[in-house]
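The block underneath contains the structure these notes are about, expressed in structure tokens.
None of the figures in this text is laboratory data; all of them are computed from the coordinates on show. No experiment lies behind these values; they were computed from the predicted model shown. So basically every Cβ, Gly included, is an ideal-geometry build from the backbone, and we count neighbours across all protein chains shown.
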Amino acid sequence: MPSAKKVTAKKAVLAKTDHTKAVWVHSLFTDYDIDLFLVGKHFRLYEKMGSHLISVNGTAGVYFSVWAPNATAVSVVGNFNSWTNTSHGLNKRWDKSGIWEGFIPGIAKGEVYKYFVKGFDESEHLKGDPYARRWEHPPQTASIVWDTDYKWKDKGWLNKRAKLNALDQPISVYEIHLGSWERDPDNPERVLTCREVAGRLVPYVKEMGFTHVELMPVMEFPFFPSWGYQITGYFGASSRYGSPQDLMYLIDALHKANIAVILDWVPSHFPGDRHGLYEFDGTHLYEHADMRKGFHPDWKSYIFNYDRNEVRSFLISNAIFWLDQYHADGLRVDAVASMLYFTFSREEGESATNEYGGSENLGAIQFLQDLNIAVYGNFDGVQTIAEESSTYPGVTHPVHAGGLGFGMKWMMGWMNDTLKYFKVDTLNRKHHHNQLSFSMTYAFTENFMLPFSHDEVVHGKSPMLYKMPGDDWQKFANLRALYGYMFTHPGAKLLFMGNEFAQTKEWNFTQSLDWHLLQYAPHKGMQETVKALNFLYRKEPALYHFNFNYEGFQWIDADNANESVFVYMRKGPKAKDTLIIAINLTPVVRENYRIGVPFKTKWKEIFNTDDIGFYGGGINNRGDIVPDPKDYNGQKYSIVVDLPPLAVVIFKSK
């Protein structure tokens with residue numbers, strides 16, 4: 001992908017600057033920039049579009065440019081001109097780009113502004129800048145002239161990122177909502193800035209052993225209860241969390257602690273707020289004009305027109321922006337299924353079709369493929385992750401093989417089946433045995449990430465702890481076993497904040513997590529369980545090296561439904577890496593339980609969710625476990641062990 005900064009094509013012909021005018025004729029665009037933009041292949045538009053602090057002929061000021069092809073007039077309004085519509089009109093380029101631009105001398109960093117746009121029908125619109133680097137704090141809606149200058153100190157991380165963020169490395173993601181991870185203790189109503197939260201968040205994530213954090217949307221959004229998934233300022237870090245440099249400081253601090261940063265990104269839809277993208281120039285510019293394709297009935301929002309080249313350039317430039325300017329290590333792309341199908345959330349007969357009569361949105365498919373080609377082609381060691389709930393084939397397959405090209409995909413089927421199973425009373429689990437074993441029939445069809453995300457602990461779904469059956473002890477034991485199963489199942493891992501210490505109520509975005517729960521032994525034990533699982537996961541190659549490959553997994557016993565016991569192997573690149581995982585999902589101790597093993601060497605229990613330090617009962621297997629020369633479960637040798645109730649036990653050969 002050509003970088004706009006590297007383009008050497010001839011400059012567009014400009015009129016001679018008239019210094020007596022309020023807006024000087026000036027352009028940052030080359031002819032080549034315009035050609036790329038018009039064919040949907042300009043992926044660094046943020047270097048040209050929006051507001052830029054520059055000097056022209058020795059005079060400091062701001063260059064503005066905005067795409068509004070159907071407008072009859074566009075001007076910049078702000079405090080500097082008392083919000084007058086007519087005093088600072090931009091110049092429409094002579095070419096077919098539909099871009100309005102100009103240089104306004106004397107404006108400085110921090111200036112508040114909007115675009116006054118007059119439509120072809122004389123309609124008037126007051127719009128924020130789609131490319132603004134900063135916005136006013138909601139409910140105010142103006143853009144702010146700003147920069148993304150920052151002295152980064154993460155060169156060491158970037159140099160090793162390609163190795164540490166690879167798919168054959170441990171990937172354990174801590175999903176965070178910055179507005180509610182922790183609030184100001186002296187004023188719980190106040191959301192902390194990124195710089196403020198960094199002091200406790202970074203050491204906490206490091207201590208807990210997570211390898212990644214995923215930040216729920218940090219782009220500017222008007223409605224706090226949307227959690228950031230209704231974006232109006234795609235290029236602006238939300239002012240709720242401080243300045244753009246505050247967010248950079250947080251990412252820099254995480255990188256210095258060797259923690260990768262994934263940003264939630266929402267190219268699937270946007271809200272209809274009048275200051276945002278909707279009807280930007282008086283027409284359906286960013287959204288599809290056909291509301292069967294351009295309106296989302298569930299979210300009451302608008303869907304991007306992926307068939308339009310300029311829109312694809314806008315979105316892919318935005319993805320590149322966060323990887324480039326903010327050093328993000330990955331993007332988790334929200335609601336991919338809603339992009340792929342016109343039928344998503346629509347009743348039969350209410351959806352559009354593509355040119356061949358099918359339900360697939362071909363423009364969206366092309367956009368996602370172009371996105372992944374651009375991202376992976378321009379950055380070493382980054383990942384894109386699809387939150388995709390359909391059965392669309394090849395989401396993580398290469399584009400050249402017909403896939404969408406994502407690095408990973410959320411394993412929504414696994415999540416749903418697993419939670420359904422664990423909600424069942426332990427006496428009846430034998431009738432639902434295949435809900436856990438079924439995932440292995442398709443576990444390697446994609447590069448899957450196992451998610452227990454924010455979506456599972458809101459809207460009446462209950463916190464993770466209270467999804468579990470039984471008395472209080474059994475609830476905690478079940479949840480520890482659930483996490484043990486998750487960390488030993490093939491695939492990357494994702495856990496939403498608060499789940500690691502068993503929040504006792506649903507997530508509330510308006511207040512801090514209930515950190516006080518950690519004074520109680522069951523919750524502290526849950527936190528210690530997750531911490532230990534993270535470090536075990538990172539230590540044992542068998543748990544991550546073949547995360548997305550059948551070579552890393554083998555059933556030993558998948559069929560013991562009557563006792564609700566599962567036994568399987570996880571394998572690493574060497575035989576000595578092999579682990580045996582035994583899961584007992586009833587409250588009955590299974591004494592002298594025989595398990596087939598592949599080697600005659602001695603075995604040792606290396607992890608047990610029933611450990612006393614985790615608030616378990618302390619039933620374990622001490623010392624060396626010597627195999628019998630007796631084949632069992634299709635293995636040449638076997639060991640006899642005790643399986644604690646509602647627990648996961650892991651064995652390794654010595």
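Taking region 488-529 as the range and being surrounded by fewer than 24 Cβ atoms within 10 Å (Cβ to Cβ), closer than 17 Å to Thr609 by Cα, in contact with a Phe, Trp or Tyr (Cβ under 7 Å, 6 or more places away or on another chain) and in contact (Cβ under 8 Å) with a residue 60 or more places away in the chain as the test, the residues that pass are Ala521, Pro522, Gly525, Gln527, Glu528. State all residues of region 256-313 that are buried (at least 19 other Cβ atoms within 10 Å of the Cβ), polar (S, T, N, Q) and not in a helix (DSSP H, G or I); if no residue qualifies, say none. Residues satisfying the conditions are Ser268, Ser301, Asn305. Scanning region 131-162 for residues being closer than 17 Å to Gly110 by Cβ, assigned to a loop (DSSP other than H, G, I, E, B) and charged (D, E, K, R) gives a total of 4.
All conditions in (1) touching a strand residue (DSSP E or B) at 6+ places or on another chain (Cβ under 6 Å); (2) in contact (Cβ under 8 Å) with a residue 40 or more places away in the chain; (3) surrounded by fewer than 20 Cβ atoms within 10 Å (Cβ to Cβ) hold for Ser359, with the sole exception of (2).
I need the full set of residues from region 602-631 which are free of Cβ contacts under 8 Å to residues at least 40 places away in the same chain and either part of a strand (DSSP E or B) or among the β-branched types (Val, Ile, Thr) (or both), in order please. Ile612, Ile619, Ile625, Val626, Asp628, listed by residue number.
Among the residues of region 632-649, just one is in a strand (DSSP E or B), of a type in the set (Gly, Ala, Ser) and out of contact with any helix residue (DSSP H, G or I) (no Cβ under 7 Å at 6 or more places or on another chain), namely Ser638. Which numbered condition in (1) under 18 Å from Lys493 (Cβ atoms); (2) without any contact (Cβ under 8 Å) to a residue 12 or more places away in the chain is the only one that Glu387 fails? Just one mismatch for Glu387, condition (2). For first residues located in region 219-231 and touching a residue at least 12 places away in the same chain (Cβ under 8 Å), partners that are basic (Lys, Arg) and in a strand (DSSP E or B) and lie 6+ apart or on another chain with Cβ distances below 9 Å form the pairs Glu220/Arg134. Restricting Phe438, Phe444, Phe406, Phe422 to residues that are assigned to a helix (DSSP H, G or I), closer than 24 Å to Tyr550 by Cβ and hydrophobic (A, V, I, L, M, F, W, C) narrows the list to Phe438.
Scanning region 372-401 for residues that are in a helix (DSSP H, G or I), under 26 Å from Gln325 (Cβ atoms) and not hydrophobic (A, V, I, L, M, F, W, C) turns up Asn372, Tyr376, Gly377, Asn378. Looking across region 27-73, just one residue is more than 38 Å from the chain's Cα centre (by Cα), part of a loop (DSSP other than H, G, I, E, B) and closer than 17 Å to His88 by Cα, and that is Thr72. Picking from residues in region 479-502 that are in a strand (DSSP E or B) and aliphatic (A, V, I, L, M), the one that is farthest from Asn549 (Cα to Cα) is Leu495.
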